[in-house]
Amino acid sequence: MSDIEMRFDADALIKKLESMGQVARLRDAVQAAALDLVDKLVKYPPSGPWNSPGRTRMVGGHVRKMGYYIRGTGYVSASGKVYRISETLNRRWTSKMLGAPDIGAEIGNNASYAKYVQGDEQAYFHKDRGWSNARQVLDDNRDRLMAFIVTAVQRMVE
């Protein structure tokens, strides 16, 4: 999955904070904002019938069993065979700080299917089932996260 970055064009602010010995505190505030985003992304939507046994469909006038998906385990076929394919998407979200001179953070997920569930290539049925989209979570929270960082900076310079 492509990573989502939060970057700040704040050269003058960074120079001022460097002169005060406070850049580390700014980095801490940015890291806290990134972790806040990760907290939102690790939450799974409610389970539905696609996560439960007993699903059926009509095929040629006959009722046929369907498989289902168990989160954290994988797919269970109609015959009951378990395919352990889960990569535990929620545990794969990470955040890391960008290296100097940048002040920013990067969040990402290395599960092979993350981009289809919560990424830029999110499948329509994952969206319909309530899965959050990483870029949308960032967009929806951008003002709140910036306010969080601005408040931290204001406390440093007061």
If a residue must be closer than 18 Å to Tyr44 by Cα and exposed (fewer than 15 other Cβ atoms within 10 Å of the Cβ), how many such residues does the range 91-104 contain?
2
Residues satisfying the stated conditions in the range 125-158, i.e. among the hydrophobic types (A, V, I, L, M, F, W, C), within 30 Å of Met20 (Cβ to Cβ) and more than 17 Å from the chain's Cα centre (by Cα)
Met146, Ala147, Phe148, Ile149, Val150, Ala152, Val153, Met156, Val157
Which of (1) of a type in the set (A, V, I, L, M, F, W, C); (2) in a loop (DSSP other than H, G, I, E, B); (3) modelled with pLDDT under 95 does Ala105 not meet, given it meets every other one?
(2)
Which of (1) surrounded by 14 or more Cβ atoms within 10 Å (Cβ to Cβ); (2) under 30 Å from Asp102 (Cα atoms); (3) without any contact (Cβ under 8 Å) to a residue 60 or more places away in the chain does Asp39 not meet, given it meets every other one?
(1)
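Going by what's in this entry, would Ile107 be described as touching a Ser or Thr at 6+ places or on another chain (Cβ under 7 Å) and within 20 Å of Lys40 (Cβ to Cβ)? Lay out the reasoning, then the answer.
Working: touching a Ser or Thr at 6+ places or on another chain (Cβ under 7 Å): yes; within 20 Å of Lys40 (Cβ to Cβ): yes.
Yes; evaluated as a whole, the condition is true for this residue.
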I need the full set of residues from the range 124-148 which are exposed (fewer than 14 other Cβ atoms within 10 Å of the Cβ) and in a loop (DSSP other than H, G, I, E, B), in order please.
Gly130
Out of the range 64-121, which residues are among the hydroxyl-bearing types (Ser, Thr, Tyr) and more than 30 Å from Val150 (Cβ to Cβ)?
Tyr68, Tyr69, Thr73, Tyr75, Ser77, Ser79, Tyr83, Ser86, Thr88, Ser112, Tyr113, Tyr116
Quick check: is even one residue across the range 3-16 within 13 Å of the chain's Cα centre (by Cα), surrounded by 16 or more Cβ atoms within 10 Å (Cβ to Cβ) and either under 25 Å from Gly130 (Cα atoms) or not hydroxyl-bearing (Ser, Thr, Tyr) (or both)?
yes
The conditions are (1) of a type outside the set (Phe, Trp, Tyr); (2) in a helix (DSSP H, G or I); (3) closer than 20 Å to Val42 by Cβ, and Arg155 fails exactly one of them. Which is it?
(3)
Could you tell me which of the residues Ala34, Ala12, Ala78 is closer than 24 Å to Gln154 by Cα and without any contact (Cβ under 8 Å) to a residue 60 or more places away in the chain?
Ala12
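The values are calculated or read from the model by the stated rules, or taken from the named source; none is laboratory data. Treat the numbers as computed from the prediction; the structure is a model and nothing was measured. Note that each Cβ is placed from the backbone with ideal geometry, even for glycine, and that neighbours are counted across all protein chains shown.
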